[in-house]
1. Looking at I88, I52 in this structure, which one is in contact (Cβ under 8 Å) with a residue 24 or more places away in the chain and not basic (K, R)?
2. Restricting to the range 253-272, name every residue that is under 16 Å from N217 (Cα atoms) and of a type outside the set (D, E, K, R).
3. If we keep just the residues of the range 16-33 that are under 23 Å from D125 (Cα atoms) and within 23 Å of the chain's Cα centre (by Cα), which is surrounded by the fewest Cβ atoms within 10 Å (Cβ to Cβ)?
4. Of all residues in the range 1-15 being touching a Gly at 6+ places or on another chain (Cβ under 9 Å) and part of a loop (DSSP other than H, G, I, E, B), which is surrounded by the fewest Cβ atoms within 10 Å (Cβ to Cβ)?
5. Hey, could you check the range 273-282 for residues that are surrounded by fewer than 18 Cβ atoms within 10 Å (Cβ to Cβ) and of a type outside the set (K, R) and say which is nearest to P175 (Cα to Cα)?
6. So, E46, is that one surrounded by 12 or more Cβ atoms within 10 Å (Cβ to Cβ) and within 27 Å of the chain's Cα centre (by Cα) or not?
7. Cβ contacts < 7 Å: first residue within 12 Å of P132 (Cβ to Cβ), restricted to the range 5-19; second residue surrounded by 18 or more Cβ atoms within 10 Å (Cβ to Cβ) and small (G, A, S), any location; separation 6+ or different chain. Result?
8. Under 7 Å between Cβ atoms, which residue pairs at least 6 apart in sequence (or on different chains) link something in the range 123-139 that is in the same structural domain as A63 (by TED's automatic domain parsing) with a partner that is basic (K, R)?
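The values are calculated or read from the model by the stated rules, or taken from the named source; none is laboratory data. Remember, it's a predicted structure, so these values are computed and weren't measured experimentally. With ideal geometry, Cβ positions are generated from the backbone for all residues, glycine too; neighbour counts draw on all protein chains shown.
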Amino acid sequence: MLSQTGYGKGTNENDLGKITIEIKSVNGKFLDIALKAPRQILCIEEDIKKEIQKVASRGTVEARVNLELKVQSLPLVNYELAKSYACIAKKIAKTAKIKNDLHASKMLQMPDVLSSSETEISNKDLLLLVKPALKSALNMFAAFKQKEGKNMQKDLEGFGEEIAEKLKEVKNRVPKMLKENQEKMRKRVQELLGSVELDESKLANEIAFFVDRVDINEEIKRLESHLGQYRELMGEKTPGKQIEFLSQEMTREINTMGSKSNDIEITKCVLAMKNANEKIKEQMRNVE
């Protein structure tokens, strides 16, 4: 079992420069990968995302890339624009009869005279720099997710066992509960009718109908089946969506038990099972 929460970091350095990659993730319904990187890296964005997809199937993942190139390009100078500024300054000074104080250092500050240029780097060279750092980051990221996943699995197994124990108590209680309901109904009818002679067959049918309404054996069987599937999924690597579905099904059966049964002991067990199932739902938000 893997957690959706993870963190990893990797660095690499060669003749081209130094790169640091940080990957972190939080829970999310689907896989969403966001890459924050310098413009030079964007040409291999899809390659990076494909590698992340190999270790994450759900969650909101953010990858940050810091790139320090050793080879830096000189800024580009727009000489024609600089000449135009110089000409304009000269004309203004002559027309206004003022001193022309436009010199080279001021010229460099004029709009668009200087512009940055990016070093042309091939995808092959970039990947040689990126891949080792990405591999280290992803290895740490995957190990983090696995460690967190093991801790969550222990918790989830405990919640499942808690439901199973309470369900066993309910199952043992049901025969006694049905018998008590039969006796209560028969006694109530006799009290209402007083000395009037009872039609035993009709009374038996009415009692059977009432008992059927409070019988929760079918719900018990279905919940037992869900718990069996739940235990099997504990050994899966990415069971998140399946367990979420099972938890919804268990909610349905537990709620039905609570609404059908009018037994205080069963109600206590139902409340405990609800509580454990809510913990499962909460924990499943972080499982991949």
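1. Numbers: I88 fails: in contact (Cβ under 8 Å) with a residue 24 or more places away in the chain.
When all the criteria are applied, what remains is I52.
2. Listed by number, the residues that qualify are I254, N255, T256, M257, G258, S259, S261, N262, I266, T267, C269, V270.
3. Across the range 16-33, the extreme among qualifying residues is E22.
4. T5
5. Among those residues, the one meeting the criterion is N275.
6. no
7. G10/A133; G10/A137; T11/A133; N12/A133; I19/A133
8. Hits for this filter: A137/K9.
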